[in-house]
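Peer 1: Quick one: the structure is below, and I'll ask about it shortly.
The values are calculated or read from the model by the stated rules, or taken from the named source; none is laboratory data. Keep in mind the model is a prediction, meaning the values are calculated, not measured. Cβ coordinates were reconstructed from backbone atoms using ideal geometry, including for glycine residues, and neighbour counts include every protein chain displayed.
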Amino acid sequence: MATKRTAVDAVLLAPGAGASSDHHTLVALEASVSPLPVRRMDFPYRLAGRKAPDRPPVLLDAVRVALAELCSEVGTTPARVVLGGRSMGGRICSMVAAEDGSAAGLVLLSYPLHPPGRPDRLRTDHFGSLDVPCLFVSGEKDPFGTPTELEAATTAIPGPVTHRWLPGGHSPKPAFDADICTEVTTWMKTL
């Protein structure tokens, strides 16, 4: 019996602003989607040993370069790669998907909808261009966006949106990695 071919050939994961590609959740996700090829990338500022993130154009270019390299290694196209990551990394991946118009889907963990205490500074200008399936997995008490705020903001996304809520805030403890991985792998089976 032939196995069903998934629409996903690979996964690209980017870390949050204060973390590296070795973040426990990204490592756990890589293991959970095996044998799918996964690239956990680092941004240039992190590779240079700096703590402050680069400007958005540099971050966007870094994702595009990592995506192109992954596609070349795997022999696929961006349309068959799931992009995503934690916090800033997921946000930057979503901006690349919006600008370039191609991804199999987006996995957005702890999406930073707005700075803490600043709900007037939404990071959603690109949502109207996200015509791909999106999975948002966030803490129920995330100061970067409450469930109500995130659900309201994501109505602007034309692609299908799935929300999953976990106990806690913006940085889930390693104990929640298994739950996050289950949500992601279950969702990826729908692509």
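Peer 1: Mind checking whether some residue in segment 69-88 is in contact (Cβ under 8 Å) with a residue 12 or more places away in the chain, assigned to a helix (DSSP H, G or I), buried (at least 24 other Cβ atoms within 10 Å of the Cβ) and of a type outside the set (Gly, Ala, Ser)?
Peer 2: no
Peer 1: Moving to a separate point now. For segment 93-120, name all the residues that are assigned to a helix (DSSP H, G or I) and surrounded by 23 or more Cβ atoms within 10 Å (Cβ to Cβ).
Peer 2: Once the filter is applied, which keeps residues that are assigned to a helix (DSSP H, G or I) and surrounded by 23 or more Cβ atoms within 10 Å (Cβ to Cβ), segment 93-120 yields CYS93, SER94, VAL96, ALA97.
Peer 1: What are the residues in segment 49-66 that are touching a helix residue (DSSP H, G or I) at 6+ places or on another chain (Cβ under 8 Å), among the aliphatic types (A, V, I, L, M), over 23 Å from GLU183 (Cβ atoms) and modelled with pLDDT of 95 or more, if any?
Peer 2: Of everything in segment 49-66, those that are touching a helix residue (DSSP H, G or I) at 6+ places or on another chain (Cβ under 8 Å), among the aliphatic types (A, V, I, L, M), over 23 Å from GLU183 (Cβ atoms) and modelled with pLDDT of 95 or more turn out to be VAL58, LEU59, LEU60, ALA62.
Peer 1: May I ask you to list the residues in segment 121-156 that are of a type in the set (Gly, Ala, Ser), touching a Phe, Trp or Tyr at 6+ places or on another chain (Cβ under 9 Å) and not in a loop (DSSP other than H, G, I, E, B)?
Peer 2: Hits for segment 121-156 are SER138, GLY139, ALA153, ALA156.
Peer 1: So which residues in segment 1-28 are farther than 20 Å from ALA97 by Cα, modelled with pLDDT of 95 or more and either of a type in the set (Val, Ile, Thr) or in a helix (DSSP H, G or I) (or both), if there are any at all?
Peer 2: HIS24, THR25, VAL27, ALA28, listed by residue number.
Peer 1: Within segment 41-57, how many residues turn out to be surrounded by fewer than 17 Cβ atoms within 10 Å (Cβ to Cβ), in contact (Cβ under 8 Å) with a residue 12 or more places away in the chain and either under 12 Å from GLY18 (Cβ atoms) or aromatic (Phe, Trp, Tyr) (or both)?
Peer 2: Residues meeting the conditions: 1.
Peer 1: Does segment 81-103 contain any residue that is at pLDDT 95 or above, within 23 Å of ARG46 (Cβ to Cβ), touching a Cys at 6+ places or on another chain (Cβ under 8 Å) and polar (S, T, N, Q)?
Peer 2: Scanning segment 81-103 turns up at least one residue that is at pLDDT 95 or above, within 23 Å of ARG46 (Cβ to Cβ), touching a Cys at 6+ places or on another chain (Cβ under 8 Å) and polar (S, T, N, Q).
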